[in-house]
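Take a look at the structure below.
The values are calculated or read from the model by the stated rules, or taken from the named source; none is laboratory data. Because the structure is a prediction, the values reported are computed rather than measured. Don't worry about glycine lacking a Cβ; one is built from the backbone with ideal geometry, like all the others, and counts go over all protein chains shown.
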Amino acid sequence: MPKNRSKSPARKAVPADPLRILSIGAHPADIFDQSGGTMAHHVSRGDWVGCCVLTHGARVHDKVISDEMFHAKQVPEAKRLEALMVERADVKAEEVRRACTILGVKDVYFFGADDAVLLPNEAVVRRLASLFRELRPDLLLTHFPMEAGGVWNPHAAAGQIVLLASALAGEVDPGDSRPPHRVMQIFFWGQGAGALPHTVWDAHRPFYNDVIIDITDVADKKLACLDCLVSQGYAGAYARKRIETSDGAFGLAGGVPYGEAFISQAAQTHYYLPVSEYSRKRARMSDHERIQRYSFRITS
């Protein structure tokens, strides 16, 4: 380990009552891009971690569908194109499974919705609510429902679907014999990081990232996950650029080399004022000590 690499606090013993965490993404890459490091930490601690991908993702950044066909004189006729999208969806699903193996995640659920227009419709909300009653997760990790202003955007739509489904899961539903289930907390994936506001939808941001997870010790593992996403174009240079600009910026805000940020859905109650060990240590560092701590960079 390099001298200036930030060392994470000693990991706590496996809790007597392990958490159940479900990460839900609109597209195949989202669960790793936004919470791969956090999932790695919780798997390592002994918590149950599962993933759910709402769309097949064949239209998004796909090497064949969205790259090669972008420059084609004509796209295939409908039936051939639909068959090709099924093939590409299978490729993406296999990449997701491979990346999950790196994290130690064994349970992955594919909804296979078309990512042409992802909307919070009743069918997908009921299906996801049923999955919540089945898996009974304590924590949900997903997209911020007001991303890009909340005006149609597949990430924002996914966050809205999760909100609706979590509410419905807490009630009985005809046709589902499972009892209601209520999650403890929803952590929405952080906003901003290395991305500057650059559209009209970015003009109004009445929120901030209130939780930052230090993923420095597992950044290389997250990078390996992104390298699995070949069909998405993430593997290689882009994955490294992504981690430096996004996770690097989140980390800088939290006082560590690499971080993942979250926005808590609701305030949490404590007996004492919550002050993390990171905050204690950071307050006792000089400017140069902080800079040295931030400066570690993965080179793999």
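Could you tell me whether any residue of the range 34-53 is part of a loop (DSSP other than H, G, I, E, B), of a type in the set (D, E) and in contact with a strand residue (DSSP E or B) (Cβ under 7 Å, 6 or more places away or on another chain)? For the range 34-53, residues part of a loop (DSSP other than H, G, I, E, B), of a type in the set (D, E) and in contact with a strand residue (DSSP E or B) (Cβ under 7 Å, 6 or more places away or on another chain): present. The residue of the range 101-120 that is farthest from Q34 (Cα to Cα), among those that are assigned to a helix (DSSP H, G or I) and touching a residue at least 60 places away in the same chain (Cβ under 8 Å), is I102. Residue count for the range 257-283 under the criterion of being at pLDDT 95 or above and over 25 Å from D138 (Cα atoms): the result is 2. Of the listed requirements (1) modelled with pLDDT under 95; (2) in contact with a Phe, Trp or Tyr (Cβ under 6 Å, 6 or more places away or on another chain), V53 misses just one: (1).
The helices (runs of 4 or more DSSP H) found entirely in the range 121-236 that carry 2 or more residues being surrounded by 21 or more Cβ atoms within 10 Å (Cβ to Cβ) and free of Cβ contacts under 8 Å to residues at least 40 places away in the same chain are 154-169.
Residues considered: A93, A129. Of these, the only one that is within 30 Å of D220 (Cβ to Cβ), at pLDDT 95 or above and in contact with a strand residue (DSSP E or B) (Cβ under 8 Å, 6 or more places away or on another chain) is A93.
Screening N153 against (1) out of contact with any Asp or Glu (no Cβ under 7 Å at 6 or more places or on another chain); (2) over 18 Å from L22 (Cβ atoms); (3) polar (S, T, N, Q) leaves a single unmet condition, (1).
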